[in-house]
Amino acid sequence: MTARNEVDLIHPVILCGGGGTRLWPFSRRAVPKPFLPLVSEETLFEQAVRRVAGHPQFAPPIVVAGSAHANLVMAQLAGAPGARLVIEPDARNTAPAIGLAASLLPEDAVMLVCPSDHHVVDPSAFRAAALVAADIAREGYLVSFGIAADHPETGYGYLQHGEPLEGGYTIRRFVEKPDLATAQSYVASGEYSWNGGIFAFRVRDLLAELNKHRPDMARLVAAAIDRGEAEGASFHPAREPFAAIDGDSIDYAVMENAARVAMVPVQMGWSDIGNWASLAAALAHEADADGNFVRGGVADLAQCSGVLAMTDGPRISAVGLSNISIIVSGGEVLITSHEHAQMVGKLPGASEQ
């Protein structure tokens, strides 16, 4: 492949970080959320790869993951010829991880940063948005995907639309997770989208902004690459400089500080599958007439509605319950209301996994 072709293509970067503790007890340190078949027979990671692998507008993906999950990544990368794996020596959040991948690409290439653990119902809409985002990124903007906000969600950040661009908008401001009343006003205004954590950057613009706003991080990422080693399809950044990085998210380190930021609005049936309630919502189309969804083993649900019941063997029985998840996995039992599903990750069992 020529350098020109590499620049013309979009380079997917798939981030495999986080422990998925809010999906405990299914998600564990050894096999966390991205590598589980939660919404279909494919894992969330396999879905993320399939959205881009083999499509003519996209280069083979670069996956960034920790050493503990390198074997899982390689096993699930089948069907993505030419894919590369960057093995992080330590977890340092998304900005350094993205910096590693950027440093391995041509400076004029456009990179498309995608979490490995999100669900997208309409992959064609995702790819169409990626093409628009890439065009805007080639104009020097750092671009976010703005997910259509179809209900007032307090668990997501928001992007306020600014001036119109061809296919998108500048970003007027980034808003952290709001309270319910504020979220309701955002949705009613039509001026806000959810920040889905999907980005498009031209490599040289991203690295320039990282050098400007996080110079120590940029220097240490560069040192980790310069002193790193390639091993087949894998690249091992040097541990010492990378471990010295004060980690931060790409939102805080770069996006909220950069002057030329933009967003592409997209409706693609997106979910971050961030907790058991959001998984229940993603599976709602497969639920029975009472809104109950059962997977694995046997579940007897009498006069129940909106119950997500998942078990790896033992029978689940429930009477007269609504809008809860009952999860049995690996000898652990979790029962949570959907309203309080965000709190699961704070349970001792989830942190001890």
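Estimated at 0.36 nm per residue, the fully extended path between Val319 and Ser40 surpasses their Cα-Cα distance by 97.7 nm. Taking the C-alpha atoms only, the angle from helix 180-189 to the longest principal axis of the chain is near 60 degrees. Using the Cα gyration tensor of region 3-271, with a ≥ b ≥ c the square roots of its eigenvalues, what is the shape: rounded (a/c below 1.5), prolate (a/b larger than b/c) or oblate (neither)? Here region 3-271 falls in the rounded category. Farthest towards the positive end of the charge dipole of the chain, among the residues Ala97, Met310, Val187, is the Cα of Ala97, using unit charges on the Cβ of Lys, Arg, Asp and Glu.
Amide H contacts for Asn275 (H built 1.01 Å from N in the peptide plane; partners 5 or more residues away or on another chain; cut-off under 5 Å): none found. Our coupling estimate for region 191-204, obtained by passing each phi through the Karplus curve with A = 6.51, B = -1.76, C = 1.60 and θ = phi - 60°, is 9, 10, 10, 6, 8, x, x, 10, 9, 10, 9, 7, 3, 5 Hz, Gly and Pro reported as x.
Remark on Leu308: its backbone amide H falls under 5 Å from those of Phe293, Ile324, Ser325, Ile326, a criterion applied only to residues 5 or more positions apart or on other chains, H modelled at 1.01 Å from N. Tilt of helix 123-137 relative to the longest C-alpha principal axis of the chain, in degrees (0 to 90, nearest 10)? Relative to the chain, helix 123-137 is tipped by roughly 30 degrees. Applying a DSSP loop filter and a limit of 16 other Cβ atoms within 10 Å to the GluC sites (Glu not before Pro) in region 263-341 leaves nothing. Under 5 Å from the amide H of Glu88 lie the amide H atoms of Ala65, Gly66, Ser67, each residue being 5 or more positions distant or on a separate chain, with H modelled from the backbone and absent for Pro and chain starts.
If you take the alpha carbon atoms of region 91-143 and fit the smallest convex hull around them, that volume is 92 Å³ per residue.
Spelling out what I want: for every residue of region 296-308, take phi, set θ = phi - 60°, compute 6.51 cos²θ - 1.76 cosθ + 1.60 (Karplus), and round to whole Hz; glycine and proline get x. Running phi through 6.51 cos²θ - 1.76 cosθ + 1.60 with θ = phi - 60° gives x, x, 10, 9, 9, 10, 9, 6, 10, 9, x, 9, 9 Hz. Based on C-alpha pairs under 8 angstrom that are at least 6 apart in sequence, the chain has a relative contact order of 20 percent. In region 299-353, the DSSP beta bridges split such that about 40 percent are antiparallel, to the nearest 5. Each residue of region 239-255 was assigned a 3J(HN,Hα) from its phi angle through the Karplus curve 6.51 cos²θ - 1.76 cosθ + 1.60 (θ = phi - 60°); the sequence is 5, 4, x, 5, 5, 7, 6, 7, x, 6, 7, 5, 5, 6, 6, 10, 4 Hz, with glycine and proline shown as x.
Values quoted throughout were computed directly from the atomic coordinates according to the rules given, and no laboratory measurement underlies them. The structure displayed is predicted, hence computed values, not measured ones. Methodologically, a virtual Cβ is constructed for each residue, glycine included, from the backbone with ideal geometry; neighbour enumeration extends over all protein chains shown.
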